[in-house]
1. Suppose R0 equals 25 Å; then what is the FRET efficiency for Ala122 and Glu93 from their Cβ-Cβ distance, rounded to the nearest 0.05?
2. Which length gain, in nm to one decimal place, applies between Ile101 and Arg80 when the Cα-Cα distance is subtracted from 0.36 nm times their residue separation?
3. Put a dot 7 Å past each Cα toward the Cβ at Arg42 and Ala29; how far apart are the dots in nm?
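What follows draws every value from the coordinates through simple rules; no lab data is involved. The model shown is predicted, which means the values in this text are computed figures rather than measured ones. So basically every Cβ, Gly included, is an ideal-geometry build from the backbone, and we count neighbours across all protein chains shown.
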Amino acid sequence: MSKRANLGKPVGRAEAAEGLNLVKLCVGAETPRDLAAWQTARAAERAARGVDPRPRHTTRMRPTREAELLAGGSLYWVFRGVIRARQVLAAIEPVDGPDGIRRYDLVLEPKLIATEPHPRRAFQGWRYLTAEDAPRDLLRGYDGPVIDLPDRLAATVAEYGVL
């Protein structure tokens, strides 16, 4: 079967994140492809400095359910009111900022995984997301045109449950 023939078909819950997850608004990137490009550029910069190149998201609050998150959880990204992608959580590391304030890096696996579009209202910070409430994966990897649906179309698709 060609890759093209499989686009848009959910691969099932077995391919979705298991256990407890986080959901976060993606600020500064309009689409999952923008996020992937930004993370790739930052990874190259970190690799050139000789540090861990995996993507990171820094947060002020440490998740209290860290063990559950690191047992197969993911960070689900919300783009313009719609969950459209996720990344597996690899670690949560404390970091001290130049202002002396302790923060936490959510270390992510580089692979960005497309998910079924799922509407999500705006919120601050991050929220926990159970596996039962998490959208299923669309593709096995971030390599198909389904992830590039225009925002309004992705929201409509999510609202009507077409995918």
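1. Values: r = 27 Å, r/R0 = 1.10.
Efficiency computed from Cβ-Cβ geometry: 0.35.
2. The Ile101-Arg80 span can extend by a further 4.6 nm.
3. Label-label distance for Ala29 and Arg42, simple model: 0.8 nm.
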